[in-house]
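J.: Here you go, one structure.
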Amino acid sequence: MTAAAATDWDNIRSRFPILENKTYLNSCAYGALSTDVMASLQAYINDRLEKGTDWAYWVERNESVRTAVANFLGATTNEIAVTASASAGINSIASALQFDEGRKKVVISDFEFPTNAQIWYAQERRGANVVRVPQKDGYIPLEHFENAIDEDTLIVAVTQVCFRNGARLDIPGIVELARKKGALVLVDGYQGLGTLEFDVKTVQPDFVVGGMLKYLLGTAGIGYLYVRDALIESLVPTVTGWFAQADIMAMDSTQYTPSSSARRFEMGTPPVPNCYAAEAGLAILAEIGMEAIASRVSDISSAIIVEAKMAGYTLSVPEDSDRRGPMVTLKTHDEFKLVGELDNVSVVTSSRNGNLRISPHFYNNHNDVDALFRALRPLKHLMV
Ligand SMILES: Cc1ncc(COP(=O)(O)O)c(C=O)c1O
């Protein structure tokens with residue numbers, strides 16, 4: 001029997017109370033709140049009352065998240081930093097890179113979430129030369145990256161899945177191209193990880209960033225950064241703080257001594273309440289297993305595509321399952337009206353760039369797909 005067949009999806013679904021009242025298909029924006037995460041936030045309050053200012057205990061919560069993220073990515077705890085956001089992780093890496101001599105090029109793509117473009121453009125003041133790889137018809141073929149990555153490329157910083165149309169880049173292919181030219185690779189996994197199988201030791205990126213509020217089921221205000229172990233000690237962030245030091249509790253105000261682990265990419269006081277929620281969210285993914293989750297999400301997103309085509313709607317996401325993540329996007333004439341009308345009948349979606357974003361997770365089922373398409377029927381005039 002496969003892991004997917006053994007999973008009791010109805011039982012798991014009952015741990016996400018919002019699904020009783022809404023057809024929730026907006027995990028690309030915020031994952032559904034589980035009873036597990038609710039209990040973890042209550043546990044934080046109980047622990048505050050019981051433990052008061054026990055900082056060793058609060059720091060331990062941050063360390064637990066490092067280990068949970070490491071298990072999730074196939075990394076070691078030493079390779080993980082817990083951050084306040086994906087932006088914080090990217091900024092920390094950018095601050096450790098030198099652009100004034102040697103390689104200067106930063107390769108990004110048309111698919112980036114703004115933060116993974118803006119932070120690199122900010123480095124142009126420090127000598128970086130940002131090159132954006134163009135899309136063609138809603139996708140970016142590997143050849144476009146091949147044209148951009150060369151011996152002057154310091155880092156290729158790309159999203160795994162585009163937040164605008166759901167297209168998924170060929171990350172293993174990009175890593176291979178970058179390796180050949182001696183360039184580093186940073187993957188923004190925010191829109192894919194938690195729904196796709198991904199192991200850093202297999203794919204071998206240098207850096208991965210993401211956050212806990214979408215497919216990782218935790219909360220806003222916490223993210224993670226993976227840094228490949230061989231690189232850690234060669235990178236000295238100039239954006240830093242006391243939680244990045246070798247000995248946090250040394251309280252040494254006379255020097256900067258970064259940790260020998262990826263904790264050197266952390267900054268100030270950890271987001272303790274968010275650590276509770278993040279750990280509970282990651283525990284659900286670990287309990288079900290990524291193989292079963294990936295197959296379930298792929299089954300539901302494929303069903304959405306089949307229904308959309310039958311209804312005569314126009315896909316914005318590539319149809320090929322190798323070229324898309326969890327999100328299905330459909331072209332609309334008025335994205336805001338459409339999302340609003342769907343919301344009026346308790347179908348929760350979102351939109352970007354004229355696309356309706358439908359983003360299932362493992363807790364969705366085929367009834368949700370039916371409910372969505374029933375709700376879309378009287379709104380056909382808004383669909384392209
Ligand atoms: C691909 C991607 N990257 C990054 C972010 C957010 O980054 P941050 O954690 O810095 O707010 C999002 C949020 O929607 C996203 O979709």
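J.: Can you run down the residue pairs with Cβ atoms below 8 Å, 6 or more apart or on separate chains, where the first is in segment 231-250 and within 16 Å of Phe99 (Cα to Cα) and the partner is not in a helix (DSSP H, G or I)?
T.: Cβ pairs passing all conditions: Leu235/Leu97; Leu235/Val227; Val236/Pro258; Pro237/Pro258; Val239/Met267.
J.: May I ask you to verify whether Ala128 is within 22 Å of Val239 (Cα to Cα) and within 16 Å of the ligand (Cβ to nearest atom)?
T.: Judged against the criteria, Ala128 is not a match.
J.: Same structure, new question: For residues that are among the aliphatic types (A, V, I, L, M), in contact (Cβ under 8 Å) with a residue 60 or more places away in the chain and either touching an Asp or Glu at 6+ places or on another chain (Cβ under 7 Å) or surrounded by fewer than 20 Cβ atoms within 10 Å (Cβ to Cβ) (or both), tally how many sit in segment 307-343.
T.: 1
J.: Just for segment 249-262: of the residues that are touching a Ser or Thr at 6+ places or on another chain (Cβ under 9 Å) and closer than 21 Å to Ala70 by Cα, which one is nearest to the ligand (Cβ to nearest atom)?
T.: In this case the residue turns out to be Ala262.
J.: Being in contact (Cβ under 8 Å) with a residue 12 or more places away in the chain, assigned to a strand (DSSP E or B), of a type in the set (Val, Ile, Thr) and in contact with a helix residue (DSSP H, G or I) (Cβ under 7 Å, 6 or more places away or on another chain), is that true of even one residue in segment 139-153?
T.: Yes; the residues of segment 139-153 include at least one that is in contact (Cβ under 8 Å) with a residue 12 or more places away in the chain, assigned to a strand (DSSP E or B), of a type in the set (Val, Ile, Thr) and in contact with a helix residue (DSSP H, G or I) (Cβ under 7 Å, 6 or more places away or on another chain).
J.: On to the next question. Among (1) assigned to a loop (DSSP other than H, G, I, E, B); (2) touching a helix residue (DSSP H, G or I) at 6+ places or on another chain (Cβ under 6 Å); (3) over 20 Å from Thr195 (Cβ atoms), there is one condition Thr53 misses while meeting the rest; what is its number?
T.: It is condition (2) that Thr53 fails.
J.: Search segment 181-211 for residues being surrounded by fewer than 23 Cβ atoms within 10 Å (Cβ to Cβ) and either aromatic (Phe, Trp, Tyr) or within 16 Å of the ligand (Cβ to nearest atom) (or both), and hand back the single one that is nearest to Ala96 (Cα to Cα).
T.: Among those that are surrounded by fewer than 23 Cβ atoms within 10 Å (Cβ to Cβ) and either aromatic (Phe, Trp, Tyr) or within 16 Å of the ligand (Cβ to nearest atom) (or both), it is Phe198.
Results for (1) surrounded by fewer than 20 Cβ atoms within 10 Å (Cβ to Cβ); (2) touching a Gly at 6+ places or on another chain (Cβ under 8 Å); (3) not hydrophobic (A, V, I, L, M, F, W, C), shown as yes or no for each residue.
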{"residue": "Asn71", "(1), (2), (3)": "yes, no, yes"}
{"residue": "Thr77", "(1), (2), (3)": "yes, no, yes"}
{"residue": "Ile80", "(1), (2), (3)": "no, no, no"}
{"residue": "Thr83", "(1), (2), (3)": "no, yes, yes"}
{"residue": "Ala88", "(1), (2), (3)": "no, yes, no"}
{"residue": "Ala94", "(1), (2), (3)": "no, no, no"}
{"residue": "Asp100", "(1), (2), (3)": "yes, yes, yes"}
{"residue": "Ile108", "(1), (2), (3)": "no, no, no"}
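J.: Related question: Name, by its number, the condition in (1) part of a loop (DSSP other than H, G, I, E, B); (2) in contact with a Phe, Trp or Tyr (Cβ under 8 Å, 6 or more places away or on another chain); (3) away from the ligand (no atom under 16 Å from the Cβ) that does not hold for Tyr44.
T.: It fails just one condition, (1).
J.: Let me ask something else about it. I'd like the residue in segment 141-180 that is surrounded by 15 or more Cβ atoms within 10 Å (Cβ to Cβ) and of a type in the set (Lys, Arg) and, out of all such residues, is nearest to the ligand (Cβ to nearest atom).
T.: Among those residues, the one meeting the criterion is Arg164.
J.: Looking only at segment 18-39, decide whether some residue is surrounded by 14 or more Cβ atoms within 10 Å (Cβ to Cβ), within 16 Å of the ligand (Cβ to nearest atom), of a type in the set (Val, Ile, Thr) and modelled with pLDDT of 95 or more.
T.: Checked segment 18-39: no residue is surrounded by 14 or more Cβ atoms within 10 Å (Cβ to Cβ), within 16 Å of the ligand (Cβ to nearest atom), of a type in the set (Val, Ile, Thr) and modelled with pLDDT of 95 or more.
J.: Limited to segment 264-283, what total is found for residues that are touching a Phe, Trp or Tyr at 6+ places or on another chain (Cβ under 8 Å), buried (at least 23 other Cβ atoms within 10 Å of the Cβ) and under 11 Å from Thr83 (Cα atoms)?
T.: Going through segment 264-283 one residue at a time, the tally reaches 1.
J.: Can you report the number of residues in segment 59-103 which are on the phi > 0 side of the Ramachandran plot and without any contact (Cβ under 8 Å) to a residue 12 or more places away in the chain?
T.: Residues that pass the stated criteria total 0.
The values are calculated or read from the model by the stated rules, or taken from the named source; none is laboratory data. A quick note: this is a predicted structure, and the numbers were derived from the prediction, not measured. Positions of Cβ are backbone-derived with ideal geometry, glycine not excepted, and every protein chain shown enters the neighbour counts.
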